[in-house]
Amino acid sequence: MRRLIFLLPALLFLVVAGYFAYSLRPGHDPQLLPSALLDKEAPAFDIPALSGGGRFTLADLKGQPAVVNIFASWCAPCRIEHPLLMRLARVDGVRLFGIAYKDKPEASARFLAELGDPYRSVGVDLEGRTGLDFGVYGVPETYVLDRDGHIRARYVGALTPARIERDLMPLLRKLTAP
Amino acid sequence: MIRLILLALLSLAPAAHAVEPAERLPDPAMEARARVISAELRCVVCQNESIDESRAELARDIRRLVRERLTAGDTNPQAIQAVVARYGDFVLLRPPVKPETYALWFGPAVVLVLGLGGVIVWLRRRPAPAQPVELTDAERARLDAMTRDDDR
């Protein structure tokens, strides 16, 4: 019985090793933060639309589940994920919106003219105020909103085919189901 | 002496901070409050700096948000809450005490108590050190004989 005490360091080692293994598991980035707004209503915004001279507001997103992609022409990962967004926008029932974060409207327009425009509508967030309200800390970020405008998921960084197929699409299907 | 001079020079150096002149509020008292709040908030881009020290653009945006809230009449906790609502408890450099953070706040104390308990148990179980035994008369006589031999 007394001998068992010698197992204690080994046990401690296993606990610590288990913790490290969990934190270092592939695909896990310790710097990613969960959204503080998860399952809460998206912050209200009313910003100029990139084209057409109208406004882009939270009300435009509501009614049906929506995917909101926060991007900028100056952001390299945004270019990388762009083809995925082009493909995502063609999927039936996906409503994809864009918010151009701290980006001059001319630059955003040129970016979309060059790479294609997957968005139903794009808002111009020149000061980054809407981004701040969403809790954005690095573009690109992608949010999934349900039909009432509640944030149901947030993806920080460029989307990947795996993230879209395993996470975003199943969630969207669940939200779209009546 | 040189050390004293160096210390005096060091104390003259302003604390490192990234607040730009244009960001400062006209009211010095309110600006001081904004600085106190900023020192409590983590910059989410650089993650180990407060927004008061960070030159990241997002840190500047949050500093501006804090100052806006103060100008609008918020108390310090209300202004901090405005940032927490957007970025979560993670932005607080001093995490709040609540069930999710009990392990963080009380874990070290628990480990200390466990360690102390272990030390006490160990000390109690240790056999008492052997007491020095008095020499018998015969032993003393032999010892005397030996030492006398050495002196010769």
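Nothing in this text is a laboratory measurement; each read-out follows from the coordinates by a stated rule. Nothing here was measured: the structure is a model prediction, and the numbers come from that model. Quick reminder, even Gly has a Cβ in these numbers, built from the backbone with ideal geometry, and neighbours come from all protein chains shown.
Each part gets one Cα centre, and for the stretch A:14-79 versus the stretch A:95-118 those centres are 17 Å apart.
Exposure proxy shown here: for A:Lys102, A:Lys40, B:Lys98, the number of other Cβ atoms within 10 Å sets the order, fewest to most, as B:Lys98, A:Lys40, A:Lys102.
Residues of the stretch A:139-172 falling in the label zone of A:Arg25, defined by backbone nitrogen less than 17 Å from a point 7 Å along Cα to beta-carbon, are A:163, A:166-167.
Here A:Lys40 is the anchor, and the lysines within straight C-alpha reach of less than 17 Å, apart from those fewer than 8 places off in the same chain, are A:Lys62.
Gain in length, B:Glu31 to B:Glu57, computed as 0.36 nm per residue apart minus the alpha-carbon separation, to one decimal in nm?
Values: separation 26, 0.36 × 26 = 9.36 nm, distance 1.94 nm.
The B:Glu31-B:Glu57 span can extend by a further 7.4 nm.
As a rough footprinting exposure proxy, the listed residues A:His28, B:His17 were ranked by other beta carbons within 10 Å of their own, and the order from fewest upward is A:His28, B:His17.
Straight distance only, please: which aspartates and glutamates reach the Cα of B:Lys98 with their own Cα at less than 13 Å, same-chain residues fewer than 8 apart left out? Reachable aspartates and glutamates: B:Asp89. How many angstrom separate the Cα center of the stretch B:86-150 from the Cα center of the stretch A:119-153? That distance is 57 Å.
Among rounded, prolate and oblate, which fits the stretch B:13-91 when a ≥ b ≥ c are the square roots of the eigenvalues of its C-alpha gyration tensor, a/c under 1.5 means rounded, and a/b larger than b/c means prolate?
Working: a/c = 1.71, a/b = 1.04, b/c = 1.64.
The shape class here is oblate.
For the pair A:Glu165 and A:Asp148, label points projected 7 Å from Cα toward Cβ lie 3.3 nm apart.
Among A:Ser23, B:Ser54, A:Ser35, a tally of other beta-carbon atoms within 10 Å of each Cβ gives an order, fewest to most, of A:Ser23, A:Ser35, B:Ser54.
Determine the dipole magnitude for the protein assembly as shown: charges of +1 sit on the beta-carbon of Lys and Arg, -1 on that of Asp and Glu, nothing else is charged, the reference point is the Cα centre, and the result goes in debye to the nearest 20.
The calculation lands at about 680 debye.
Estimated purely from DSSP H runs of n ≥ 4, each contributing -39500 (n - 2.57), the mean residue ellipticity at 222 nm for chain B is -19500 deg cm²/dmol once divided by its residues. Taking other residues whose beta carbon is less than 13 angstrom from the beta carbon of B:Gly117, and scoring Lys, Arg as +1 and Asp, Glu as -1, yields +2.
Note on the protein assembly as shown: Cα Rg divided by 2.2 N^0.38 Å, N the number of residues, gives 1.59.
What does the helix-only formula give at 222 nm for chain A: each DSSP H stretch with n ≥ 4 adding -39500 (n - 2.57), the total divided by the residues, and the result rounded to the nearest 500 deg cm²/dmol?
Values: 6 runs with 61 residues, N = 178.
Only helices count here, giving -10000 deg cm²/dmol.
Label separation (B:Leu135 vs A:Arg120): 10.4 nm, computed from points 7 Å beyond Cα along the C-beta direction.
Once you have a ≥ b ≥ c as the square roots of the Cα gyration tensor eigenvalues for the stretch A:32-176, tell me rounded if a/c is under 1.5, and otherwise prolate or oblate according to whether a/b is larger than b/c. Rounded.
Charges only on Cβ, +1 for Lys and Arg, -1 for Asp and Glu: so what's the dipole of chain A about the Cα centre, in debye to the nearest 20?
On the way: 22 positive and 19 negative charges, 146 e Å.
I would put it at about 700 debye.
Using Cβ point charges alone (K and R +1, D and E -1), the dipole size of the stretch B:62-109 about the Cα centre works out to roughly 200 debye. With 0.36 nm allotted per residue and the present C-alpha distance subtracted, the A:Thr57-A:Val15 stretch has 10.2 nm of extension available.
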